[in-house]
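Worksheet: the structure to be examined is printed underneath.
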Amino acid sequence: MSNDASTPALTQLAEDEILLRDSVAEFAEAQIRPHVREMDEHAKLPKELITQLFDLGVMGIEIPEQYGGGGATFFHAVLAVEALSAVDPSVAVLVDVQNTLVINAIIRWGSDDVKSRFLPRLASNTVGAYALSEAGAGSDAFAMAARAVADGDQFVIDGRKLWITNGNEADIFIVFANVNPDAGYRGITAFMVERGTGGFTVGAKEDKLGIRASSTCELILEGCRVPKANILGEVGKGYKVAIETLNEGRIGIGAQMIGLAGGALGHAIRYTKERKQFGKAIADFQAVQFQLAQAATELEAARLTVYNAARLKDAGQPFTQQAAMAKLFAAQVAERVTSVCLELFGGYGYTKEYPVEKFYRDAKIGAIYEGTSNMQLQTIAKLLLK
Ligand SMILES: Cc1cc2nc3c(=O)[nH]c(=O)nc-3n(C[C@H](O)[C@H](O)[C@H](O)COP(=O)(O)OP(=O)(O)OC[C@H]3O[C@@H](n4cnc5c(N)ncnc54)[C@H](O)[C@@H]3O)c2cc1C
């Protein structure tokens, strides 16, 4: 069969894709790398860094140009998240939530009014957050207790959201609440809520194992009034907004996982060539070479699942199963690869002097957020057996 140029290999990137990936990687190296340890220790992202991310153009990748965004594809967002994660997965998740959850949901479900009020801000200077989970509603997200009651041309929202990424930095929040609990999940509705709205406060920040610089906060809504015009999608269709956005978003988490695994592997390759034991570089020992080779092979396989899911989404093809597989597998590979990389640094790997222990801690979140690994297996099995 001839080599058809219209079906390139999954890892073969178009010129604009290479340009974006390389410019993000360069930025991460120069502007993020020097601050990674400090941001991890203080569990904080500097404000200036967020401004720089807007200037770089990675905070509104898919936003159509008419709203001031990059007008690029979901795959571009995946490449940006991967490149940032190779240096700091905490910075990457800020960008990931902004693009693959918040902006994605607004582009897909927002009315013209919602799009024109929120997208230009998200493209230029405003961070977004996506608030579905609650203390009692995690994997079973639709068991949420948050309620919204219609009152004239407003809804009044009461409830608490937990674990909300970007809680400290965001000014625009997509908040899910149930307008008709008797209808079960068919009462769930998505609302655009702005910081500064009466009755809305951002609560405590979690002190976490990994991705420490990414804020994870509680949101408190007490008599929070939002105009009906701030409904995202339709009343009672919030469950669709949530499911479909998360189906896409989890490809971004797959990208975060392959990015951080690649970052850890790069450090391990350099270190094993330098570190000498028994009179030679430890990379000269076949056992070490095989550990690196195994890690690189698993990473390549995970990258293919992530790229394939993203390409399927951009092509308008079904991708739910592939997205669940990509997130599940990339999270597993990230845990294995960062673990072996840490071991290859020996005792030094166990200290904060080298960056691998952070990648090891950061990797664990991949099996938890945007659906735990069990939830991904459930989705895959459901589609296999239907
Ligand atoms: C750092 C961080 C950032 C987050 N960011 C956000 C965010 O921005 N927005 C947001 O809305 N949420 C966010 N979350 C919440 C996250 O999505 C939930 O933590 C996750 O969905 C799991 O819910 P849970 O913590 O309640 O665990 P649970 O649902 O209680 O799960 C506990 C364990 O039980 C297992 N389990 C549960 N049900 C089943 C079942 N039916 N079958 C098999 N196993 C099952 C799970 O796999 C898991 O191992 C974040 C969480 C963290 C830790």
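The values are calculated or read from the model by the stated rules, or taken from the named source; none is laboratory data. Just so it is clear, the structure is predicted and the values come from calculations on it, not from any experiment. For neighbour counting, all protein chains shown are included, and Cβ atoms are generated from backbone atoms with ideal geometry for every residue, glycine included. For accessibility, only protein heavy atoms count, side chains too; no ligands or nucleic acids. Shrake-Rupley method; radii C 1.70, N 1.55, O 1.52, S 1.80 Å.
Side notes on the structure shown:
- Computed log10 I(q)/I(0) for the chain at 0.06, 0.12 Å⁻¹: -0.23, -0.90, from the Debye equation with unit scatterers placed on every C-alpha and solvent omitted.
- Between the helical axis of 47-56 and the longest alpha-carbon principal axis of the chain there is an angle of about 80 degrees.
- The angle separating the long axis of helix 112-124 from the principal Cα axis of greatest extent in the chain is about 40 degrees.
- Kirkwood Rh in Å, taken over all unlike Cα pairs in segment 241-324: 14.7
- Available extension along the chain between Glu343 and Gln294 is 16.2 nm, counting 0.36 nm per residue and deducting the alpha carbon span.
- About the centre of its Cα atoms, the chain shows a dipole size close to 720 debye [charges on the beta carbon of Lys, Arg (+1) and Asp, Glu (-1) only; nearest 20 debye].
- Debye intensity ratio I(q)/I(0), log10, segment 263-307, q values 0.17, 0.24 Å⁻¹ (C-alpha model): -0.51, -0.81
- When the alpha carbon coordinates of segment 289-386 are projected onto the principal axes, the ranges are 48, 24, 23 Å, largest first.
- Pairs with C-alpha atoms separated by more than 20 Å, drawn from the list Lys161/Lys364; Lys208/Lys358; Lys280/Lys358; Lys44/Lys358, are Lys161/Lys364; Lys280/Lys358.
- Sorted largest first, extent of segment 277-337 alpha carbons per principal axis (Å): 56, 18, 10
- Principal axes of segment 203-281: Cα extent on each, largest first, Å: 71, 28, 15
- Efficiency of FRET from Cβ geometry, Phe278 and Asn180, R₀ 51 Å, rounded to 0.05: 0.15
- Solvent-accessible area of segment 223-304 (1.4 angstrom probe, protein heavy atoms only): carbon and sulfur portion equals 55 percent.
- Cβ-defined net charge surrounding Ala123, 15 Å radius [Lys, Arg +1; Asp, Glu -1]: -1
- Counting every C-alpha pair in segment 1-143, the share spaced more than 19 angstrom apart comes to 57%.
- Rounded to the nearest 0.05, the FRET efficiency derived from the C-beta distance between Ala301 and Asp16 at R0 = 25 Å is 0.45.
- Our note on the geometry: Cα centres of segment 340-379 and segment 240-313, 11 Å apart.
- Note on Lys205 and Arg37: with the Förster distance fixed at 30 Å, the Cβ-Cβ geometry gives a FRET efficiency of about 0.95.
- Segment 49-115: equivalent-ellipsoid semi-axes (sqrt of 5 x gyration tensor eigenvalues, Cα, Å): 21, 12, 10
- Stretchable slack from Leu377 to Glu222, in nm (0.36 nm times residue separation minus alpha-carbon distance): 52.2 nm
- Computed Kirkwood radius, in angstrom, where 1/r is averaged over Cα pairs of segment 145-278: 17.2
- The residues of segment 141-222 present an accessible area of 40 Å² per residue when probed at 1.4 Å with all protein chains retained.
- Extension gain, Glu244 back to Asp314 (0.36 nm per residue minus Cα-Cα distance, nm): 23.8 nm
- Normalising the Debye intensity of segment 117-172 to I(0), with uniform scatterers on Cα atoms only, and taking log10 at q = 0.25, 0.30 Å⁻¹ returns -0.98, -1.05.
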